[in-house]
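The next block holds one structure in the form of structure tokens; read it before the comments.
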Amino acid sequence: MKSPEAFRTISEVSGDLSLPQHVLRFWETRFAQIKPMKRGGGRRLYRPDHVALLRGIKALLYDDGMTIKGVQKVLREKGTKNVIARGSANAELTLESAPVPADASKRLSALKVRVEAERAVEAADAGEAVDPRRIRASISRLEAILERLESR
């Protein structure tokens, strides 16, 4: 087991994040903040802060349904620390570790409405068309969480 401060190979990062290696290489071309050290033969070594940033980018893209342009905008406007924090929050969040608030159902329903509106605004700001599949996927994830909360 490596120390938390150790550099990671692309295969280790790929396994930790459950992402194919080609996705990590692609993200390097889209996010200037990800610059792994390259050893002989092009072997990539990622610093711990790169791994944390990749975790945050994954959370924004896959969990929050943002587009690459949307994540680039977040990185530009709010910085890498914000994206890293999003990834850390995602890694630490479990339903079992937190008590269910009495108004969880109401709050999640309001969150669904807010997600729809924010996705439309983000897409409009980025000059993109609204992707209803991404909105539906985000809403489906929220509904699944709501069902789990209500069944507790």
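Just so it is clear, none of the values below were taken in a lab; they were calculated from the coordinates. None of these values were measured; they are calculated from a predicted model. Don't worry about glycine lacking a Cβ; one is built from the backbone with ideal geometry, like all the others, and counts go over all protein chains shown.
Counting only residues at least eight positions apart within a chain, or on another chain, the lysines with an alpha carbon under 24 Å from that of Lys78 are Lys35, Lys58, Lys69, Lys112. Each Lys and Arg adds +1 at its Cβ and each Asp and Glu adds -1 at its Cβ; summed about the Cα centre, the chain shows a dipole of about 640 debye. Listed peptides 36-45, 63-72, 4-13 appear in the order 63-72, 4-13, 36-45 once ranked by packing, highest mean of other Cβ atoms within 10 Å at the front. Each of Ala32, Ala110, Val71 was scored by the projection of its Cα onto the charge dipole of the chain, and the greatest displacement toward the positive side belongs to Ala32; charges sit on the C-beta of Lys, Arg, Asp and Glu.
Our coupling estimate for segment 28-43, obtained by passing each phi through the Karplus curve with A = 6.51, B = -1.76, C = 1.60 and θ = phi - 60°, is 4, 7, 9, 10, 4, 6, 9, 9, x, 6, 10, 9, x, x, x, 5 Hz, Gly and Pro reported as x.
Using modelled backbone amide H atoms (1.01 Å from N, in-plane), which distant-in-sequence or interchain residues come within less than 5 Å of Thr9's amide H? Correct list: Tyr46. The C-alpha radius of gyration of segment 1-67, expressed as a fraction of 2.2 N^0.38 Å, stands at 1.07.
Between the Cα long axis of helix 68-78 and the first principal axis of the chain there is an angle of about 90°, rounded to the nearest 10. The orientation-averaged projection of the convex hull spanning the C-alpha atoms of the chain amounts to 10.6 square nanometres.
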